[in-house]
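Enquirer: Below is the structure I would like to discuss, written out as structure tokens.
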Amino acid sequence: MTWVALTYHVPVDSAELVADALVSNGATGVELADQEQTVDLTVYLEENDDFRQNYQKFDQALKNLQATGLFLPEITPSQRQLEPSDWENNWKEYYHASRITRQLTVVPAWEDYQRQQSDERLIIMDPETAFGTGTHPTTSLMLQVVETIVRGGEKVLDVGTGSGVLAIAAKLLGVDYVLGTDIDQAAVTTAQQNLNLNPVAQDVDLVVSDLLKQVPDYDFDIIMANILADVIEPLIPQAKEHLVAGGYFLVSGIYEDQAAMIEKNLLNQGFKMVERLNRGPWYAYITQKEG
């Protein structure tokens with residue numbers, strides 16, 4: 001297995017938006033290196049049958065940013081092929097333990113990290129397997145939201161579990177049961193690999209499901225979804241049907257230009273707005289089913 005490093009050279013004041021666009025279009029992480037007048041953003045793609053399609057998604061994402069008026073004089077990245085050992089070392093050089101919330105710290109599996117305080121809870125992750133390590137604003141917002149809402153003993157549904165980071169966090173915070181879903185078996189397998197690194201998450205159940213179509217007819221206390229707005233929109237009425245009265249629907253992954261639309265749909269479906277949060281252009285909502 002070989003990988004290609006794509007390095008985009010972008011103006012400093014455009015770096016955050018470009019990084020967000022790359023991650024939103026499938027980059028598993030973005031490595032930043034400051035230069036004098038620019039920032040180098042490096043993402044990694046596996047050199048397989050999907051390489052050209054994935055590359056074109058990044059290219060179109062940057063063209064869309066240019067169309068909004070963002071100054072991007074050069075959107076063609078430099079390319080460098082990596083051997084498997086180089087790929088592994090690149091990840092390990094820039095990914096380290098990161099304190100995401102007051103209680104939650106995400107730690108790469110290879111790092112010997114010691115707790116800094118007694119109530120700190122460690123989420124052990126292998127960042128080579130999936131996006132969702134906790135450092136992107138959408139994930140860190142959701143981790144903050146989960147820490148705010150969980151009281152212990154709840155039944156939780158994690159829609160689009162991805163790396164499994166939210167499911168692990170929920171278990172660390174004391175929920176009784178977590179069911180995680182994702183769209184295909186490969187994604188579920190990835191999540192399971194990270195769950196296996198965390199003893200507290202050994203009883204998390206995973207299921208392949210298109211949104212909630214294959215989810216058992218349970219009533220959950222909390223449903224959380226850190227996914228894109230166009231996926232959250234059809235999820236809203238399904239979430240309402242799977243929540244207990246007064247249950248919480250927690251959503252993140254919403255870019256600022258779609259936030260008003262998602263908020264309107266949540267209110268129209270009978271959810272009460274408890275709190276709005278944002279980090280830069282990314283938004284998250286704590287909502288509650290009425291009744």
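The values are calculated or read from the model by the stated rules, or taken from the named source; none is laboratory data. Bear in mind that the values here come from a model prediction, so they are computed numbers and not experimental data. So basically every Cβ, Gly included, is an ideal-geometry build from the backbone, and we count neighbours across all protein chains shown. Calculation scope for accessible area: heavy atoms of the full protein, side chains included, ligands and nucleic acids excluded. Shrake-Rupley method; radii C 1.70, N 1.55, O 1.52, S 1.80 Å.
Enquirer: Provide Rg and Dmax in Å for the chain, with only Cα atoms included in the calculation.
Expert: 19.0, 56
Enquirer: Largest first, how would Lys272, Lys289 line up by accessible area (1.4 Å probe)?
Expert: Highest to lowest solvent-accessible surface, that is Lys272, Lys289.
Enquirer: Within 9 Å, Cβ to Cβ, of Lys155, how many net charges do the neighbouring residues add up to if Lys/Arg are +1 and Asp/Glu are -1?
Expert: Taking every Cβ under 9 Å from that of Lys155, the sum is -4.
Enquirer: Does anyone have the angle between helix 185-195 and the longest principal axis of the chain? Alpha-carbon axes, 0 to 90°, nearest 10?
Expert: The angle comes out at about 80 degrees.
Enquirer: Moving to a separate point now. Helix 51-67: angle to the longest alpha-carbon principal axis of the chain, degrees 0 to 90, nearest 10?
Expert: 90
Enquirer: Continuing with the same structure: For the range 177-291, which whole-number percentage of the solvent-accessible area (1.4 Å probe, protein heavy atoms only) is attributable to carbon and sulfur atoms?
Expert: 48
Enquirer: Shifting gears a bit: Taking only protein heavy atoms and a 1.4 Å probe, what accessible area per residue, in Å², does the chain have with all protein chains in place?
Expert: 46
Enquirer: Next question. Per residue of the range 229-245, what does 6.51 cos²θ - 1.76 cosθ + 1.60 with θ = phi - 60° give for ³J(HN,Hα)? Whole Hz please, x for Gly and Pro, Karplus curve as stated.
Expert: Each residue of the range 229-245 in turn: 4, 6, 8, 5, 4, x, 6, 4, x, 5, 4, 4, 6, 9, 9, 5, 4 Hz.
Enquirer: Okay, moving on. Within the range 187-217, find all residues whose amide N lies under 13 Å from a label point positioned 7 Å from the Cα of Glu46 along Cα-to-beta-carbon.
Expert: Under cut-off, by backbone N: 187-191.
Enquirer: With springs only between Cα atoms under 10 Å, which of Ile168, Ile262, Ile254 fluctuates most in a Gaussian network model of the chain?
Expert: Ile262
Enquirer: Does anyone have the angle between helix 137-149 and the longest principal axis of the chain? Alpha-carbon axes, 0 to 90°, nearest 10?
Expert: For helix 137-149, the angle is close to 20 degrees.
Enquirer: Could I ask something else about it? Once Lys and Arg get +1 and Asp and Glu get -1 on their Cβ, which of Leu243, Thr190, Val208 lies farthest toward the positive end of the dipole of the range 165-291?
Expert: Of the options given, the answer is Leu243.
Enquirer: Still on this model: Of Lys213/Lys289; Lys63/Lys240; Lys213/Lys264; Lys57/Lys171; Lys57/Lys272, which ones are farther than 27 Å apart at the Cα? Display every interim value, and only then the final one.
Expert: Numbers: Lys213/Lys289 20 Å; Lys63/Lys240 37 Å; Lys213/Lys264 24 Å; Lys57/Lys171 35 Å; Lys57/Lys272 36 Å.
Violating the 27 Å limit, Cα to Cα: Lys63/Lys240; Lys57/Lys171; Lys57/Lys272.
Enquirer: Hey, got the dipole for the range 161-251? About the Cα centre, +1 on K and R Cβ, -1 on D and E Cβ, debye to the nearest 20?
Expert: 200
Enquirer: Follow-up question, since we're still on this one. Determine the gain in length on full extension of the stretch Arg279-Glu256; use 0.36 nm per residue of separation and subtract their C-alpha separation, reporting nm with one decimal. Can you show the working numbers first?
Expert: Details: separation 23, 0.36 × 23 = 8.28 nm, distance 1.00 nm.
The span from Arg279 to Glu256 would gain 7.3 nm if fully extended.
Enquirer: Kindly report, to the nearest 10 Å², the accessible surface of Lys155 as traced by a 1.4 Å probe over protein heavy atoms only.
Expert: About 70 Å², rounded to the nearest 10.
Enquirer: Considering only protein heavy atoms, what is the solvent-accessible area of His242 at a probe of 1.4 Å, reported in Å² to the nearest 10?
Expert: Using a 1.4 Å probe on the heavy atoms, I get roughly 30 Å².
Enquirer: While we're on this one: Which residue, Gly270, Gly180, Gly69, has the most motion in a Gaussian network model of the chain that connects Cα atoms within less than 10 Å?
Expert: Gly69
Enquirer: What whole-number distance in Å separates the alpha-carbon centres of the range 212-291 and the range 1-78?
Expert: The range 212-291 and the range 1-78 have Cα centres separated by 29 Å.
Enquirer: About the Cα centre of the chain, what is the dipole size in debye to 20, counting +1 per Lys and Arg Cβ and -1 per Asp and Glu Cβ, all else neutral?
Expert: 840
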